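So the structure is just underneath, and the comments pick up after that.
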Amino acid sequence: MSGGTILLLVIAGTVAYLIIMYNQFVSLRAGIDAAWSDIDIQLKRRYDLIPALVDTLKGYKAYEGETLEKVIKARQVGLSAANMDEKAVASNMLSGALGKIFALSEAYPDLKADGSFLHLQNELSHLEETIQNARRYYNAIVRDFNAKCESFPDLLIAQKFHFNPREYFQLDTAEAAKIKTMPKINL
């Protein structure tokens, strides 16, 4: 083999490697976008169930009005959220408010026994699990993408073609503390 042929093979191999790296970035970016879309769909489904939950709770005059207002506000914030960060904050806010409603329902036997409320509670619980799974999947793809953006020699392609690291979708520390804290129930 001549020197020219070897050089041509090295150049062809390098170009092929760069094309493969670029395509991996594109694939991961598409996976992140698809995973976020899945989260967004689940969040919309959850927001769509809130009016039915509010209507069910309005029938119980003694029920905590402040908690109900927080749920309504969280839904409105979520529906008006324009980007991923705003949607994450709204989702965390709604999760906390819903957690309080379900915890407070223990103090109201009539509400706890209401078939509509129980159905909505089950639907929302299922959606919460689905959202958590979608968050985990999204964060796993973001982790892979971010690692690729920071690994040599991949980072050269990432910088050249503006593949920037993405943010994880996680609970805000303050919101996480609110969710973990059990609300006080006044009987």
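The values are calculated or read from the model by the stated rules, or taken from the named source; none is laboratory data. The shown structure was predicted, so the numbers you read here are calculated from the model rather than taken from an experiment. Don't worry about glycine lacking a Cβ; one is built from the backbone with ideal geometry, like all the others, and counts go over all protein chains shown.
Of the helices (runs of 4 or more DSSP H) lying entirely inside region 1-104, those containing at least 1 residues that are farther than 29 Å from LEU118 by Cα and in contact with a helix residue (DSSP H, G or I) (Cβ under 9 Å, 6 or more places away or on another chain) are 3-58, 84-104. In region 67-89, the qualifying residues are those that are over 14 Å from the mean Cα position of the chain (by Cα) and polar (S, T, N, Q), and the one that is farthest from TYR47 (Cα to Cα) is THR67.
Residue under question is LEU124, and the condition is that it be surrounded by 13 or more Cβ atoms within 10 Å (Cβ to Cβ), without any contact (Cβ under 8 Å) to a residue 12 or more places away in the chain and of a type in the set (A, V, I, L, M); does it hold? When the stated conditions are applied, LEU124 does not pass them.
Hey, among PHE25, PHE117, which residue is aromatic (Phe, Trp, Tyr), closer than 27 Å to TYR137 by Cβ and surrounded by 15 or more Cβ atoms within 10 Å (Cβ to Cβ)? Sole residue among the options that is aromatic (Phe, Trp, Tyr), closer than 27 Å to TYR137 by Cβ and surrounded by 15 or more Cβ atoms within 10 Å (Cβ to Cβ): PHE25.
The residues in region 131-167 that are among the hydroxyl-bearing types (Ser, Thr, Tyr) and surrounded by fewer than 20 Cβ atoms within 10 Å (Cβ to Cβ) can be counted, and the count is 2.
Applying a threshold of 8 Å to beta carbon distances and a minimum spacing of six or more residues, or different chains, the list of pairs starting in region 148-164 at a residue that is under 19 Å from ALA16 (Cβ atoms) and ending at one that is among the small types (Gly, Ala, Ser) and outside any loop (DSSP other than H, G, I, E, B) reads LYS148/ALA158. Scanning region 115-151 for residues that are aliphatic (A, V, I, L, M) and either under 14 Å from ASP33 (Cα atoms) or not in a helix (DSSP H, G or I) (or both) yields ALA134, ALA140, ILE141, VAL142. Tell me, please, whether a residue that is touching an Asp or Glu at 6+ places or on another chain (Cβ under 9 Å), modelled with pLDDT of 80 or more and under 21 Å from ALA74 (Cβ atoms) can be found in region 138-148. Yes: region 138-148 contains one or more residues that are touching an Asp or Glu at 6+ places or on another chain (Cβ under 9 Å), modelled with pLDDT of 80 or more and under 21 Å from ALA74 (Cβ atoms).
Looking for whichever is small (Gly, Ala, Ser) and without any contact (Cβ under 8 Å) to a residue 12 or more places away in the chain here; the options are ALA81, ALA74, ALA103, ALA107. Which one fits?
ALA81
The one condition from (1) closer than 20 Å to GLY96 by Cβ; (2) modelled with pLDDT of 95 or more that THR181 does not meet is (2).
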